[in-house]
């Protein structure tokens, strides 16, 4: 390292994953330890909050130690500490935020409280992509489906979001209804790819151009209705038809917004951004003068690196949070 | 008192919800039963409209609970992800159910022994792809 790097610790516990990461200068990941609780939850077809917060509490110290060890540094090398404080499950969010406060207080280093949604959209900039603003950010996960114009760190303009269910939630619910398990995304993608019959078509979601909202309640109901009246149907064909419609609206909204606003840089992040079919659909719509960034699958899930990475910019511009900052279930 | 409606589309379900919301009194708790895709969130959206809430009501499946401020406060719960009542131990939802606002609970069967006795129960049943039977039972006459 030429000059001394700025080293940050990022903590994340807003939902399934407990994670601690060490990031240098907001772009180099020195350690990114993620302990997923999906095994614990898969029996339950969803995240169970009490299990989640108890497991976060049991994990967090071990994971922080592991992150420091992997990065080859000690607590005293840290310049700042960051944690997700919104949005998410209150009991779960508290574990990372309170741990970060303890570290901030003990080491006398700044605390940065981070918006989890903004951090997801930062993930590609931890993988060699040069930070550039503005960009259109599409955030797709189990709890969120939203489109943003991102102007600078801390400056996001919401362009549209779901009016009912999140896209990942629809994958989970349809998957449970099909008897395919949790999480629904990967299993539906896999079964859809194996579909030999592709004639079934579900109605378009919010087909009006100019509308920037998303909706997943209608397609969920359409799939369930179809299964009720066609109990002998081919599950893989249903999965295929559902996935095509569920993803199509994301692609349409993303490009409509980018082209209307004249923005050429796109970021697609969150758990559903790991879906291979979604990536394929976006890449085939992309024009030569447009650029899209997807985080690698590891950075699509909840992780501490995106928290530490984004927090670097807050730290550099002196935007710290006080020890009495709180968690919020919504942004 | 018991009322039974048959709705022909989501708009009519929304309308039933709106009337429920307009009639709701501070401290009321409305438990909405029904399978996936029957229209529980649609009915909840209607209730919110009736309570004078202009914000978009989204499914609280992930967050479990959302709070909206209107003429009356609207506490919107979704217990879909709750598998056993013990999981509610650390969530203290009962405190909201005793409050001044109007609470709506989707998937209330996941907390059946904890629900206050004085509650409005709504059952949504699938008739066909479009129609739903909505039964509302009030704890009073």
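Secondary structure note: in the stretch A:135-294, about 60% of the DSSP beta bridges are antiparallel. With N the number of residues in chain A, Rg(Cα) / (2.2 N^0.38 Å) evaluates to 1.01. Taking other Cβ atoms within 10 Å as a rough exposure proxy, A:320, A:75, A:214 sort from fewest to most as A:75, A:320, A:214. Round to the nearest 10 and give me the degree value, 0 to 90, for the angle of helix A:167-177's Cα axis relative to the longest principal axis of chain A. Tilt relative to chain A: about 60 degrees. Rounded to the nearest 10 degrees, the inclination of helix A:235-261 to the longest alpha-carbon principal axis of chain A is 60 degrees.
Where Rh denotes the Kirkwood radius from the mean inverse Cα pair distance, what is Rg over Rh for chain B? Mind showing how you got there, number by number?
Details: Rg = 13.9 Å, Rh = 14.9 Å.
Value, to two decimals: 0.93.
Given the -39500 (n - 2.57) contribution per DSSP H run of 4+ residues, what per-residue ellipticity at 222 nm results for chain A, rounded to the nearest 500 deg cm²/dmol? Roughly -13500 deg cm²/dmol at 222 nm, from the helical runs in chain A. Summarising the label geometry, the points placed 7 Å from Cα in the beta-carbon direction at residue A:131 and residue B:5 lie 5.2 nm from one another.
Using a/c under 1.5 as the rounded threshold, could you call the stretch A:150-207 rounded, prolate or oblate? The axes a ≥ b ≥ c are square roots of the C-alpha gyration tensor eigenvalues, and prolate needs a/b larger than b/c, oblate otherwise. Show your work: numbers first, answer last.
Values: a/c = 2.42, a/b = 1.89, b/c = 1.28.
Verdict is prolate for the stretch A:150-207.
Kirkwood Rh over Cα pairs of the stretch A:252-331 into Stokes-Einstein at 4 °C, 1.567 mPa s: D in µm²/s? The partial results should precede the final answer.
Working: Rh = 15.2 Å.
In µm²/s, the coefficient is 85.
Put in line by how crowded their Cβ is, counting other Cβ atoms within 10 Å and starting with the fewest, A:164, B:100, A:79 read B:100, A:79, A:164. Taking the DSSP beta bridges with both ends in chain B, the antiparallel portion is around 55 percent. The fewest-to-most ranking of A:267, A:163 by surrounding Cβ atoms within 10 Å reads A:163, A:267. Here residue B:89 and residue A:176 are evaluated by their C-beta separation; at R0 = 30 Å the FRET efficiency comes out at 0.80. Could you state the angle between the C-alpha long axis of helix A:90-107 and the longest principal axis of the C-alpha atoms of chain A, as a value from 0 to 90 degrees rounded to the nearest 10? Long axis of A:90-107 versus the principal axis of chain A: about 20 degrees. Summed over all non-identical Cα pairs, the Kirkwood treatment of the stretch A:135-294 gives a radius of 16.0 Å.
Any read-out appearing in this document is the output of simple, stated calculations on the displayed coordinates, not a laboratory observation. Everything numeric in this text was worked out from a predicted model, so none of it was measured. Backbone-built Cβ (ideal geometry, glycine too); neighbour counts: all protein chains shown.
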